[in-house]
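The values are calculated or read from the model by the stated rules, or taken from the named source; none is laboratory data. Just so it is clear, the model here is predicted, and its values are computed rather than measured. Methodologically, a virtual Cβ is constructed for each residue, glycine included, from the backbone with ideal geometry; neighbour enumeration extends over all protein chains shown.
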Amino acid sequence: MTSVVHVIHSDPDILGGTPVFVGTRVPVKTLLDYLEAGDPLDEFLDHFPSVRHEQAIAALELAKEMLTAYANPAR
């Protein structure tokens, strides 16, 4: 599994502990909001240049791994 420590962190001194991309003040939720709205990844990256492409992809990979790992089996 992708290490969340290298991609996302939460610090009470940064946005009150909101999970952000490491080395930035950009909330991870912002990436998800962009994608949910149908915006391409490149638009998010253009608007938040402090987030590296590799970080965004790693966060999405982590989300995919977690969703897959914790999916409820069909009954």
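Which number in (1) exposed (fewer than 15 other Cβ atoms within 10 Å of the Cβ); (2) on the phi < 0 side of the Ramachandran plot marks the one condition that Thr24 misses?
Going through (1) exposed (fewer than 15 other Cβ atoms within 10 Å of the Cβ); (2) on the phi < 0 side of the Ramachandran plot one by one, Thr24 breaks only (1).
Which of the residues that make up region 18-30 are farther than 16 Å from His6 by Cβ and under 9 Å from the mean Cα position of the chain (by Cα)? Working first, answer last.
Of the residues in region 18-30, the ones farther than 16 Å from His6 by Cβ are 18, 25, 27, 29-30.
Across region 18-30, the qualifying residues are Pro27, Lys29, Thr30.
Looking at this structure, is Val4 under 26 Å from Tyr70 (Cβ atoms) and at pLDDT 95 or above?
Details: under 26 Å from Tyr70 (Cβ atoms): yes; at pLDDT 95 or above: no.
For Val4, the condition - under 26 Å from Tyr70 (Cβ atoms) and at pLDDT 95 or above - is not met.
Condition (residue is touching a helix residue (DSSP H, G or I) at 6+ places or on another chain (Cβ under 6 Å), of a type in the set (Gly, Ala, Ser), without any contact (Cβ under 8 Å) to a residue 60 or more places away in the chain and surrounded by 13 or more Cβ atoms within 10 Å (Cβ to Cβ)) applied to region 60-72: is it met by at least one residue?
Looking through region 60-72, none of the residues is touching a helix residue (DSSP H, G or I) at 6+ places or on another chain (Cβ under 6 Å), of a type in the set (Gly, Ala, Ser), without any contact (Cβ under 8 Å) to a residue 60 or more places away in the chain and surrounded by 13 or more Cβ atoms within 10 Å (Cβ to Cβ).
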